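S.K.: Before we start, here is the structure in question, set down as structure tokens.
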Amino acid sequence: MPGIELTITWSGGEERFFTGLQPEFGLGYADFEMSLDASYALQVARIGAPVMGIRAPSCPGTGGTSYLGGLELTFQEP
């Protein structure tokens, strides 16, 4: 669903963003760039309990390097 407010918090910060701003990825799509060294909590529309302990994965690259991976979280109405 587009227009859903998401609130993400981490130690020392908070940001609000919305679904649907990139409809080419889907009306319910939203993105947020995480840091590798932080743990996040995400709450949908300020209702219900936040999802705690979200961390960006470190993925193995070529030649012994690594890169910041991504996560896909799916929420459904109860």
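S.K.: Report Rg/Rh for the chain, rounded to two decimals, where Rg is the Cα radius of gyration and Rh the Kirkwood radius.
M.R.: Over the Cα atoms of the chain, Rg/Rh equals 1.01.
S.K.: Identify, among G70, G3, G13, the residue whose Cα sits farthest towards the positive end of the charge dipole of the chain, taking +1 on the Cβ of Lys and Arg and -1 on the Cβ of Asp and Glu, with the dipole about the Cα centre.
M.R.: It is G13, whose Cα lies furthest towards the positive end.
S.K.: Okay, next question. Counting pairs of Cα atoms in region 5-50, how many percent are more than 13 Å apart?
M.R.: Within region 5-50, distances greater than 13 Å cover 57 percent of Cα pairs.
S.K.: In addition: For region 33-48, what does the Karplus curve 6.51 cos²θ - 1.76 cosθ + 1.60, with θ = phi - 60°, yield as ³J(HN,Hα) per residue in whole Hz, taken in order and with x for Gly and Pro?
M.R.: Couplings: 8, 9, 9, 5, 9, 10, 10, 10, 10, 10, 10, 9, 6, 6, 10, x Hz.
S.K.: Using Cα pairs under 8 angstrom and six or more residues apart, how large is the relative contact order of the chain, in percent?
M.R.: 23 percent
S.K.: With all protein chains present, calculate the accessible area of L27 using a 1.4 Å probe and round the result to the nearest 10 Å².
M.R.: 100 Å²
The values are calculated or read from the model by the stated rules, or taken from the named source; none is laboratory data. All values derive from a computational prediction rather than experimental measurement. Because the Cβ atoms are built from the backbone with ideal geometry, glycine has one as well, and the counts that use them run over all protein chains shown. Surface accessibility is based on the protein's heavy atoms, side chains included, excluding ligands, DNA and RNA. Shrake-Rupley method; radii C 1.70, N 1.55, O 1.52, S 1.80 Å.
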